[in-house]
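Take a look at the structure set out below.
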Amino acid sequence: MAHILCFVEVRESQVRKASLEAVSVARGLATANGWSVEAAVLGPAGADQLDKVKAAGADTIHHAADAALALYSPDLYAAALLGLIQASKPEAVLLGHTAMGRDLSAYLAGKLKTAVAGDAVKVEFAGGFKVVRPMYAGKALATVSVNAGFLPLITLRPNIFPVGSTAGKGEVKPLALPSLAPKTLCAGLEKPESAEIDVAEADVIVSGGRAMKGPENFAILKELAAELGAAVGASRAAVDSGWIGHPHQVGQTGKTVSPNLYIACGISGAIQHLAGMSSSKIIVAINKDKEAPIFQAADYGVLGDLFQIVPQVTRALKDLKKEG
Amino acid sequence: MKIAVCIVQVPATDARIVIRPDARGVETKEVKFVISPYDEYAIEAALQLKEQAGGEVVLITAGPDRALQALREGLALGADRAVHITLTDEYHDALEVATLLAAALGKEAPDLALFGKLGVGFDHGATGVMVAAMLDRPHISMAAKLEMEGTTLKGRREIEGAAETYAIALPAVVTTEKGLNSPRIANLKGIMAAKKKPVETFAAADLGAAAPALTLEGLQPPPKKAAGKLISDEDPAKAARELVRLLREEAKVI
């Protein structure tokens, strides 16, 4: 049967949200075009996790539960997917645009001699696949179509597409581990001591820029972030000054983020920064320079000194919690 | 050790992007072009490895005539020679570019091929890994740490909220992430020497060009945002409370 194949990423036995978003996008396309949705879940994961894949829209769930897939290997993962792709010729393959999704989609593209329509913020099908994807770090939006004769490999920007509630049939089929000695295999997963939320996955981000003046001042952002369950982000100026690590950087040479709420503190809003966060749903700017370009991008601007305002916002949120 | 670094010339990250009237590309006049920032980490990694272990650093680019300038800049930093695969100054998908680079790398047969993790501009972020797949080489993408231990290449890549470690055998492909190193700046001596270093030129057709898998239908500017609300209460506590109220009652995000 004509179908869309989705890659479902698993980390430490948990399916990733970006993959469920991909399954739901596939569900929408499949329902509109009379296709089914197949999902390939690679790595150990329990029945509760497979239920999430079903609930997001998968009709068939190919599950390779072998412990050898617990850590990522591009060639081993690609072999598992290539087996499915060659056996059943999907209309398209969808993946989340995560670190793994980016690597795996590119590896598959190299093997299948196709290209990745990557970081899509919109996917359409009308005879062929068409995606809208940012280029120049979001300074332009490109509409890109997949030429006839090429398998569409599409990665979806996380946090843009909702996980839907139209379940699929959810039939689970075991998928055999390919017999292959991988050339590239992740040797280990290093986790930070404190479980920080990554800016690329966060629903709320509190970000600091040059006006933070030094690494110690990020404490007030961390307090606000803790109150909001948010990740802490930073502009390039703050990262290049060595105040916070590059994994926190948002912008053209950092991460592209699409949280529900982005709070920019003391960030002037250079074009490279705006490129990385302008797809956030609600943007708040706290800045004392009323000419700062960040205010042009903001839904709510607070004109004033961040060192006075940020702690007050934290306090107002605490008061709100007390009131219930 | 022979190291190839595949680079791409892109508009500077602070360049204003103006879409062409035909919407199939961006204006290139009056735009400052630079080596893609992530490629700078790849070049620096190559130069450091050469300094440690000896060998040769070859730069390769697939791009229009103006991309020669990027090669000269890379040669000025200390690379030994360069290969320029000429392409038109239009959109090329990662399949076209990766096919050409894989062909050039096939001829060069380096121990290590380095790429930036993403060429800022087209933002594919796929080319290096595609080449690894085409050449059937092990790879580490988005490496934020890299070291040679004997003939094993150890690397670390940051993923969402964690990091993966890898140890792969040469010959291999690596794409580089910011934070890997601090790229050097060319000095006058390097710039003078770069003018005499050899640059070999190939037409795309000479290497066996691939048909594109993607068509760029058009570019449009990102949607303009409606003007936001400005809170300018002199009392920080009042301003903060008003912001929290708006986020809760109007935006409904907290």
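Annotations for the structure displayed:
- Under the condition of being open to solvent by 30 Å² or more (accessible area, probe 1.4 Å) and more than 25 Å from B:LYS107 (Cβ to Cβ), the residues counted in the range B:6-16 number 2.
- Residue match in the range B:214-228 (condition: in contact with a helix residue (DSSP H, G or I) (Cβ under 7 Å, 6 or more places away or on another chain), open to solvent by 70 Å² or more (accessible area, probe 1.4 Å) and at negative phi): yes
- Just one of the listed residues (A:ALA181, A:ALA167) is in contact with a Lys or Arg (Cβ under 8 Å, 6 or more places away or on another chain) and within 30 Å of A:LEU76 (Cα to Cα), namely A:ALA167.
- In the range B:148-169, residue farthest from the other protein chains (Cβ to nearest Cβ) [restricted to those that are open to solvent by 40 Å² or more (accessible area, probe 1.4 Å) and part of a strand (DSSP E or B)]: B:MET148
- B:LYS145 being assigned to a loop (DSSP other than H, G, I, E, B), more than 8 Å from chain A (Cβ to nearest Cβ) and touching a Lys or Arg at 6+ places or on another chain (Cβ under 6 Å): no
- Residues of the range A:260-271 satisfying the condition of being buried (at least 23 other Cβ atoms within 10 Å of the Cβ) and touching a Lys or Arg at 6+ places or on another chain (Cβ under 7 Å): A:GLY266
- Residue satisfying all of: in the range B:19-39; under 21 Å from the mean Cα position of the chain (by Cα) and open to solvent by 70 Å² or more (accessible area, probe 1.4 Å); nearest to the other protein chains (Cβ to nearest Cβ) among these: B:GLU27
- Candidates B:ALA172, B:ALA193, filtered to the one that is closer than 19 Å to B:VAL57 by Cα, within 11 Å of another protein chain (Cβ to nearest Cβ) and in contact (Cβ under 8 Å) with a residue 60 or more places away in the chain: B:ALA172
- Residue within the range B:239-246 that is more than 7 Å from chain A (Cβ to nearest Cβ) and open to solvent by 40 Å² or more (accessible area, probe 1.4 Å) present: yes
- Counting only residues that are closer than 14 Å to A:VAL199 by Cβ, touching a residue at least 40 places away in the same chain (Cβ under 8 Å) and of a type in the set (Ser, Thr, Tyr), the range A:225-277 holds 3 of them.
- The range A:236-249: number of residues that are crowded, with 18+ Cβ neighbours inside 10 Å and within 13 Å of chain B (Cβ to nearest Cβ): 8
- Residue match in the range A:216-230 (condition: in contact with a Pro (Cβ under 6 Å, 6 or more places away or on another chain), under 25 Å from B:MET142 (Cβ atoms), open to solvent by less than 30 Å² (accessible area, probe 1.4 Å) and within 12 Å of chain B (Cβ to nearest Cβ)): no
Conditions (1) in contact with a strand residue (DSSP E or B) (Cβ under 6 Å, 6 or more places away or on another chain); (2) without any contact (Cβ under 8 Å) to a residue 12 or more places away in the chain; (3) under 28 Å from B:LEU118 (Cα atoms), marked per residue:
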| residue | (1), (2), (3) |
| --- | --- |
| A:VAL15 | yes, no, yes |
| A:SER24 | no, no, yes |
| A:THR31 | no, no, no |
| A:VAL41 | yes, no, yes |
| A:GLN49 | yes, no, no |
| A:LYS54 | no, no, no |
| A:HIS62 | yes, no, no |
| A:LEU76 | no, no, yes |
| A:ALA87 | no, yes, no |
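- Among the numbered conditions (1) more than 27 Å from the chain's Cα centre (by Cα); (2) more than 11 Å from every other protein chain (Cβ to nearest Cβ), the only one that A:PHE307 does not meet is (2).
- Screening the range A:23-126 for helices (runs of 4 or more DSSP H) wholly inside it with 2 or more residues that are away from chain B (no Cβ under 14 Å) and either within 20 Å of A:LEU175 (Cα to Cα) or open to solvent by less than 10 Å² (accessible area, probe 1.4 Å) (or both) returns the ranges A:47-56, A:74-88.
- The range A:278-324, subset farther than 18 Å from B:ARG241 by Cα and among the acidic types (Asp, Glu), residue surrounded by the most Cβ atoms within 10 Å (Cβ to Cβ): A:ASP289
- Flag if B:PRO183 is at pLDDT 95 or above, part of a loop (DSSP other than H, G, I, E, B) and not assigned by TED's automatic domain parsing to the domain that holds B:LEU118: no
- Filtering the range B:40-86 to residues that are surrounded by 21 or more Cβ atoms within 10 Å (Cβ to Cβ), within 17 Å of B:VAL97 (Cα to Cα) and not polar (S, T, N, Q) leaves B:LEU59, B:ILE60, B:ALA62, B:GLY63, B:ALA67, B:ALA70, B:LEU71, B:ALA82, B:VAL83, B:HIS84, B:ILE85.
- Taking the criterion of being crowded, with 24+ Cβ neighbours inside 10 Å and facing chain B (nearest Cβ under 7 Å), the residues of the range A:127-137 that qualify are A:TYR136, A:ALA137.
- Residue, least open to solvent (accessible area, probe 1.4 Å), within the range B:186-198, restricted to residues that are of a type in the set (Lys, Arg) and part of a loop (DSSP other than H, G, I, E, B): B:LYS197
- Residue in the range A:135-149 that is farther than 26 Å from A:ASP59 by Cβ, under 16 Å from the mean Cα position of the chain (by Cα) and not in a strand (DSSP E or B) present: yes
- Selection count, the range A:158-193, where residues are open to solvent by 20 Å² or more (accessible area, probe 1.4 Å), within 11 Å of another protein chain (Cβ to nearest Cβ) and part of a loop (DSSP other than H, G, I, E, B): 6
- Residue check, A:LEU153 modelled with pLDDT under 95 and either more than 8 Å from chain B (Cβ to nearest Cβ) or buried (at least 19 other Cβ atoms within 10 Å of the Cβ) (or both): no
The values are calculated or read from the model by the stated rules, or taken from the named source; none is laboratory data. Since this is a predicted model, take the numbers as computed values, not measurements. Cβ sites come from the backbone with ideal geometry, for glycine too, and all protein chains shown count toward neighbours. Quick note on the areas: whole protein, heavy atoms, side chains included, nothing else; ligands and nucleic acids left out. Shrake-Rupley method; radii C 1.70, N 1.55, O 1.52, S 1.80 Å.
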